[in-house]
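Okay, so here's the structure we're looking at.
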Amino acid sequence: MRPGSPANWVRGVSLADKCLILFGAAILLIVGVALAVPWVRMRALAWEVEVAHSRALAEAWSRTGADVRNAVLDPGTESWVIEDGADWPEGAPRALVAGLPGEGGERGEVAALDRAAEPARIWYARALGGPDSEANGRWLVLARPTDAPVRASIDVLYLLSSGSLVLGLAVLVFYLITHRLVLSPVRQLRETVEHVRAGDLAVRSAIRTGDEFEELASTFNGMLETIEDANAKLRASNAAMDLKVTELTEANVRLDEAMTLKSDFLASVSHELRTPLNAIIGFAELLLEIARTEHRERSVDPSLNKRIRYLDNIVVAGRSLLTLIEDLLAMARLEAGNVRVDIDEVSLPDVCEGLVGLIHPLASRKGVSVSLDLEESLPAIRTDARKFQQIVFNFLSNAVKFTEPLSAAGTPGRVVLRAERVPEEAKVCISVVDNGPGIGTEHHATIFEKFQQLENAHTRVHAGAGLGLAISKELASLIRGELRVVSEPGRGSIFSLIVPVDPELRELEEAQLESRFKAALHGRAEL
């Protein structure tokens, strides 16, 4: 819309000015129409009066004698008797000369107004006698001065003056009425709204007109009271919330301190426990080897079987405890952000074969088969080999741990390590597939949290602290990998690690910096 368009002009006019302009235009139209009708009628009446006067003069002239005819005429009136075919008086109007009806008159007479004359003159022609009369074919012509145009102008001035007076009084009355009944209440409401917009909710409208404006003001005041009450409640709620936030902040500080102490405690205890535990496991394995040697030499001694069984239990329990301690120590390092990423070229077939060989003894003791499924022409990847192997080994150990030798469907327990390319992406996917009990969809996000296990603590069959997948998630983030799980109850599970073939060094540095930043936010020192 253009700046100078009528719509913009109207938009900038106040309500009072709009009312005055529109009402004034309406009154002007009404008064103009009302005055035009009497003005036209007055002109017609004035002309009829002039014609009637001329007719009366002509009749009086016809009734009088020839010697006194001029005595009945008005001063300044001239008269002629015209024979058919004779010349008409000079200056006679064309309509009169042609014998045509003029601006008024009856049959047998013609009248016309000569405005060009000075002063204006009325010409009147009347036939003398009837068809059988001696005067047939003769016309009486009268020309007399008139002030009809002047009187018409005066009448117009009177009409215009009356119309202007009526228009002015109507506009004044309308202004006073609209100002008192409409504009004043609207202005008061506008002032109240301006105060509210400025933030003064205590203002109230004091309109007392006894009509809809008063009802509107009352409703507006009620709305302001409701808003003020709501603001008071909101301020009270904010004050209570501020108090709660302060308490929560203090609680978070104490919790953060406790988490820091917990991390430091786990780190220090893990360090202190690993040394004696390694010694216990080492001596237990040495005693187990001695017992097995003696058993081979003296197979008939039943006490050796008990000793071998007890020592084997000690070694298994010790290794489980060592694994738990290693997980706690790894999680403490990750939380402290003190984990380096060493990028090197890794051969997927070699790493996968090594991991299968590493997990094979545990799977054999449990009666679960482990196989390898490698896609042909797998590319070498650049990643942190230790972290990559730790993630995949966690998947394999969990699959072996939770897969039974005989599944619910009656098939032998099996675990498959699969490696393949990701279609249309420079990535590879390493998956561990098992036919174990499976995991519900609602638990897929929970299992990657720290210390989270699906089994109830009282009915838990499998050992572990619930840190393996949480550690895998953190390690995958450091090497710019992505973890995925596909599993349903009774249909097994697929845990996958997707890593880029050649990640950008900048992305790896950002991941490591992000890990340190998170640790700094929690106030954890580097280990």
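The values are calculated or read from the model by the stated rules, or taken from the named source; none is laboratory data. These figures come from a predicted structure and were not determined experimentally. All Cβ positions, glycine included, derive from the backbone under ideal geometry; neighbour counts span all protein chains shown.
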message: Can you find a residue that is crowded, with 16+ Cβ neighbours inside 10 Å and under 30 Å from GLU59 (Cα atoms) anywhere in region 189-198?
response: no
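Per-residue answers, yes or no, for (1) at pLDDT 80 or above; (2) more than 60 Å from the chain's Cα centre (by Cα):
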site: ASN252; (1), (2): yes, no
site: ASP264; (1), (2): no, no
site: THR275; (1), (2): no, yes
site: GLU285; (1), (2): yes, yes
- request: Might you let me know whether region 179-188 holds any residue that is surrounded by fewer than 11 Cβ atoms within 10 Å (Cβ to Cβ) and either over 30 Å from GLU50 (Cα atoms) or without any contact (Cβ under 8 Å) to a residue 40 or more places away in the chain (or both)?
  value: no
field: Of residues in region 211-236 being closer than 25 Å to LYS18 by Cα and surrounded by fewer than 16 Cβ atoms within 10 Å (Cβ to Cβ), the one modelled with the highest pLDDT
entry: GLU215
message: Among the listed residues THR219, THR246, THR260, identify the single one that is in contact (Cβ under 8 Å) with a residue 40 or more places away in the chain and more than 30 Å from ILE27 (Cα to Cα).
response: THR260
query: Within the set of pairs 6+ apart or on separate chains, which have a first residue in region 17-34 that is closer than 11 Å to TYR175 by Cβ, a second that is of a type in the set (A, V, I, L, M, F, W, C) and surrounded by 14 or more Cβ atoms within 10 Å (Cβ to Cβ), and C-beta atoms under 6 Å apart?
result: PHE23/PHE174; GLY24/VAL171
query: Residues in region 152-161 that are surrounded by 14 or more Cβ atoms within 10 Å (Cβ to Cβ) and closer than 24 Å to PRO75 by Cα: how many?
result: 1
- request: Specify the residue that is surrounded by the fewest Cβ atoms within 10 Å (Cβ to Cβ); the eligible residues are those in region 389-441 that are polar (S, T, N, Q), under 25 Å from PRO379 (Cα atoms) and touching a residue at least 40 places away in the same chain (Cβ under 8 Å).
  value: GLN390
query: Out of region 484-499, which residues are touching a residue at least 60 places away in the same chain (Cβ under 8 Å) and under 39 Å from the mean Cα position of the chain (by Cα)?
result: ILE498
field: THR260 surrounded by fewer than 11 Cβ atoms within 10 Å (Cβ to Cβ), part of a helix (DSSP H, G or I) and polar (S, T, N, Q)
entry: no
